[in-house]
Each structure stands twice: as structure tokens, then as C-alpha cells.
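Trainee: Take this structure, written in C-alpha cells, and hold onto it; I'll ask about it next.
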Amino acid sequence: MNQGMRVIAYLVASVFGVAVSGGPARAELVGTDQAAASVEPAAPNADREKVRAFLERPEVVEKLKAMGVSADDAKVRVGALSDAEVHAMAGNLDSFAAGGRLTDNDLLLIIVVVLAVVLLIIVL
């Protein structure tokens, strides 16, 4: 095969790798109410209840037991957290992906890598 085609194939694969490696960028205007809500939790009791409900789930209780922590100890520790810490924890609970689940970005990365490998095999 031509040396120029080989260089072009490596260049295309490199461009795909760089394009996929960065996450999506978002820019939005944020209102005063949203900014204030992100700094100070609006309903700390609701956040505490959300975390407590998470800690009462059977799979969480089993995982805590496997790690040597009782569910009651975990609830006491959550009770000792500040409102800001509980708010941050409650916000993170929504973003956890279920085990074994691929995000859209993961799937896109896999598809692009497979296409790049196929392209390299065809060109080389």
C-alpha cells in the first residue's frame, strides 16, 4: 500500500480519537434564583429524606453490610452532615448510572473506535 494512504489513515484515526475524547460543552444563562439555589439548599429536609430513602433500599443495605457498615450507623452519619453536604449528596444520587449501563457518550465512543479500526483494516 501507498505510504501516503497509511499516513492519511493514521491521521483520520487520530482526528476521531481527539474528537471523541472531549465531552460536550454547554453554555447557558443562569438566573439569580438558580444560582442562589445551587449555593444554598432550598429544602434541606427534603434532601435528607432523599438520602435516607436511598440508604433504606435493600441493595444499599446489603452493600453497606458487605463493607462492614450497618445501615443505622450510616443514617447516624448522614444525620451529622451539614445541609450543604447533604444537598450535594442528594444531587449526586440522581446522576448515578445503574451497574452495567452504558451512557450515550460511552456508546458513541465504542462505535467510533470500531469504525476507526475497520477503516484502518480496510486501508492497510
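The values are calculated or read from the model by the stated rules, or taken from the named source; none is laboratory data. Model, not experiment: these values are computed from the prediction. Because the Cβ atoms are built from the backbone with ideal geometry, glycine has one as well, and the counts that use them run over all protein chains shown.
Trainee: Taking the range 62-84 only, how many residues are closer than 18 Å to Arg48 by Cβ, of a type in the set (A, V, I, L, M) and part of a helix (DSSP H, G or I)? Give the derivation first.
Mentor: The first filter runs over the range 62-84 and keeps only residues closer than 18 Å to Arg48 by Cβ, leaving 64, 71-84.
Still in the running and of a type in the set (A, V, I, L, M): 64, 71, 74, 76, 78, 80-81, 84.
From the residues that got through so far, the ones that are part of a helix (DSSP H, G or I) too are 64, 71, 74, 76, 78, 84.
Number satisfying all stated conditions: 6.
Trainee: I'm trying to understand the selection: among the residues of the range 50-79, which are of a type in the set (Gly, Ala, Ser) and either surrounded by 11 or more Cβ atoms within 10 Å (Cβ to Cβ) or at pLDDT below 85 (or both)?
Mentor: First, the residues of the range 50-79 that are of a type in the set (Gly, Ala, Ser): 53, 66, 68, 70-71, 74, 79.
Hits for the range 50-79 are Ala53, Ser70, Ala71, Ala74, Gly79.
Trainee: Let me ask something else about it. Looking at the range 101-123, which of its residues are loosely packed, with under 12 Cβ neighbours inside 10 Å and among the aliphatic types (A, V, I, L, M)?
Mentor: Matches in the range 101-123: Leu102, Leu107, Ile111, Val114, Val117, Val118, Ile121, Ile122.
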